[in-house]
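Okay, structure first, notes after.
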Amino acid sequence: MNLSPAFHDLRAAYQAEMDDLTSDTDGRDVLRKRLADKRKSLDFLLQMTETAPEMVAVLFHQGFRFTQPAVMNQIVSLEIDDIPEWDDIRGAVQVLPAVQSLVETFLQQADGQRFMTIAAALVYLYDKPDGRPMAASDDADDEDADEREDRTEREDHDDESREYVDNDDDDDTRAREEAGADWLAEQGFDRKD
């Protein structure tokens, strides 16, 4: 799947919003409660569709079924100014009863058509965490596996390099602290040790 820069950024922000809503500080799953609370703030959220669509789109979590994934793949490859209106993609997205009234409310807004397309695209992307089209070929699987292996090797090397640098940084920090303590002792101050 080819994500446009806009949808790449929105996807990351949507994922972060969902992560924030999913669990509390004790790690308990509180997503349903937080989504219900968020839906109570609908008047406020209606004002945010243009400035922070990812924060509003979470209201539609698990509210769509995607009957034509190819259409959604095409949408997420476009820039926001180029996406189709909701009415143009309605055949590719089945709205589930739980969010039907929300969809109707948002469609009454000035930018509702565009926002609903963005919301559907973000829910679609979230439901596909690997970011790949639903009907991928075996060749794509092999290529993705090779890319993951290469990335893992690079990350392992980066971790080792980072660990080496971190150790050097620790040594440098200790050396600076000792030099500072020596200088203070020379100036007549007592050592902390």
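The values are calculated or read from the model by the stated rules, or taken from the named source; none is laboratory data. Keep in mind that what you see is a predicted model, and the values were worked out from it rather than measured. Please note: Cβ atoms are built from the backbone with ideal geometry, for glycine as well, and neighbour counts cover all protein chains shown.
Determine whether Gln94 is at pLDDT 95 or above, of a type in the set (S, T, N, Q), surrounded by fewer than 17 Cβ atoms within 10 Å (Cβ to Cβ) and under 16 Å from Val123 (Cβ atoms).
Considered against the rule, which asks whether it is at pLDDT 95 or above, of a type in the set (S, T, N, Q), surrounded by fewer than 17 Cβ atoms within 10 Å (Cβ to Cβ) and under 16 Å from Val123 (Cβ atoms), Gln94 comes out as yes.
Would you check if there is a residue in region 14-37 being closer than 19 Å to Gly112 by Cβ and over 17 Å from the mean Cα position of the chain (by Cα)?
Looking through region 14-37, none of the residues is closer than 19 Å to Gly112 by Cβ and over 17 Å from the mean Cα position of the chain (by Cα).
Can you pull out every residue in region 59-105 that is of a type in the set (S, T, N, Q), within 18 Å of Tyr14 (Cβ to Cβ) and in contact with a Ser or Thr (Cβ under 9 Å, 6 or more places away or on another chain)?
Ser77
Select from region 4-22 the residues that are in contact (Cβ under 8 Å) with a residue 24 or more places away in the chain and of a type in the set (S, T, N, Q) and list them in ascending order.
Ser4, Gln15
Taking the options Glu17, Glu104, Glu79, name whichever one is under 21 Å from Leu3 (Cα atoms) and loosely packed, with under 13 Cβ neighbours inside 10 Å.
Exactly one residue qualifies, and that residue is Glu79.
When you check Gln108 against the structure, is it more than 22 Å from Gln15 (Cβ to Cβ) and modelled with pLDDT of 95 or more, yes or no?
yes
Do any residues in region 67-91 that are on the phi < 0 side of the Ramachandran plot have Cβ atoms under 6 Å from those of residues that are exposed (fewer than 13 other Cβ atoms within 10 Å of the Cβ), where the two are at least six apart or on different chains, and which pairs are they?
Listed pairs, sorted by first residue: Thr67/Gln94; Ser77/Asn2.
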